[in-house]
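One structure below.
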Amino acid sequence: MHVITLLNEKGGVGKTTLAVHIAAGLAVRGWRVALIDADPQGHATVAMGAKKSPGLYELLVRDAPYKDVMSVIPPEQYLIPGKPSDGRMYLIPSNLETRVIPMMISDAMKMHKRLTELEDTVDIVVFDTSPTPSLLHGSIYFASDHIIYPTKCEYLSFDGLVESLTHSQAAMSTREQQGLNALKIMGIVPTMYRSSTMEHRQNLNMLKKQFGPLVWRPIPQRTIWAEASSRHQPVFALMPDSQAATDIWHLVDHVEEGLKDAD
């Protein structure tokens, strides 16, 4: 089982959008995927058409069984019309109670331990995270295998990226002490990219110069993203022939390549 976390300690950079689309895209490709909403705002939950609820809180604080907190997302909500798939998509929802999880658990390995129970049910776990760092982030670090960093090509987003990378490096050292495998940076994804602006072009070049092949193909800003969000569907289900759908499939290709390299 692979665990992928979307992370940037700056809000509004597209973490939730990418988390939802990566999870749904992998399910379309035939994987069994669990999307875990670890943000108290519960936006990944809402994006999948579900009601905000304390699923993650119940899982970690009250040791609830998965059958009580994890639901199956109806395939018609994310599949491309007319193209069935053997994959499956699950959701563990979030709400404001997620905020107090760090105050209610003392075991930093709790997330890792609970996820091991899913190994026969799920191939890939995708975490959407809060932009506000907390002890919950530390628990997610211990549970993760790969991190994807979404970032806008703007100064404040880069600042959040730097902070996130710093905390990831610290987590990597602690993971080694716990005997866990190395935490790998899968990729950095420029989001809401506007090639028409000099700032975005220059900042993208700066990002590539510093991080090289870790920087993936930018996801351009398009109006369809807002429409898909309001319909509670990924863009490839709503408009499979759109350029936005093509952008996402390039992203999913990158993710699958990263998983193959890890095996």
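Throughout, read-outs are computed from the coordinates displayed, never taken from laboratory work. Note that the structure is a prediction, hence the values are computed from the model and not measured. A quick note on method: Cβ atoms are made from the backbone with ideal geometry, for glycine too, and the neighbour counts reach across all protein chains shown.
Here Cα extents along the principal axes in Å was calculated from the structure, and among [x] 55, 37, 35; [y] 50, 44, 35; [z] 52, 38, 31 it sits at label [y].
Between residue 231 and residue 106, what FRET efficiency follows from the Cβ-Cβ distance if R0 is 51 Å, with the result rounded to 0.05?
The formula returns an efficiency of 0.80 here.
Determine the shape class of the stretch 69-126: with a ≥ b ≥ c the square roots of the Cα gyration tensor eigenvalues, call it rounded for a/c under 1.5, and otherwise prolate if a/b is greater than b/c, oblate otherwise.
oblate
Considering only alpha-carbon pairs that sit under 8 angstrom and 6 or more positions apart, the relative contact order computed for the stretch 35-186 is 26 percent. Ordering 37, 68, 159, 120 from the fewest to the most neighbouring beta carbons within 10 Å gives 120, 68, 159, 37.
Which log10 I(q)/I(0) values, to two decimals, does the stretch 121-239 give at q = 0.16 Å⁻¹ under the Debye formula with one point per Cα? So the normalised log intensities work out to -0.92. Each Lys and Arg adds +1 at its Cβ and each Asp and Glu adds -1 at its Cβ; summed about the Cα centre, the chain shows a dipole of about 460 debye. Between the C-alpha center of the stretch 94-114 and that of the stretch 5-26 there is a gap of 20 Å.
Quick test of the membrane-span-like rule: which DSSP H helices of the chain reach at least 18 Å along their long axis (C-alpha atoms) with mean Kyte hydropathy at least 1.0?
Helices meeting the criterion: 15-28.
Amide H to amide H distances under 5 Å link residue 188 with 149, 215, 216, where only residues 5 or more positions off or on other chains count and H is placed in the peptide plane. Projected label points at residue 249 and residue 62, each 7 Å from Cα along the beta carbon direction, are separated by 4.3 nanometres. Where both partners of a DSSP beta bridge lie in the chain, what percent of those bridges are antiparallel, to the nearest 5? Once the DSSP bridges in the chain are tallied, antiparallel ones form about 5 percent. The Cα center of the stretch 218-233 and the Cα center of the stretch 155-197 differ in position by 24 Å. Here's the picture: a label point sits 7 Å out from the Cα of residue 155 along the beta-carbon direction, and within the stretch 172-191 the residues with their amide nitrogen under 20 Å of it are 191.
Where Lys and Arg each count +1 and Asp and Glu each count -1, what net charge lies around residue 36 among other residues with Cβ under 11 Å from its Cβ? Around residue 36, the charge tally is -2. What the Cα atoms of the stretch 1-112 give is an Rg and a Dmax of 14.2, 47 Å.
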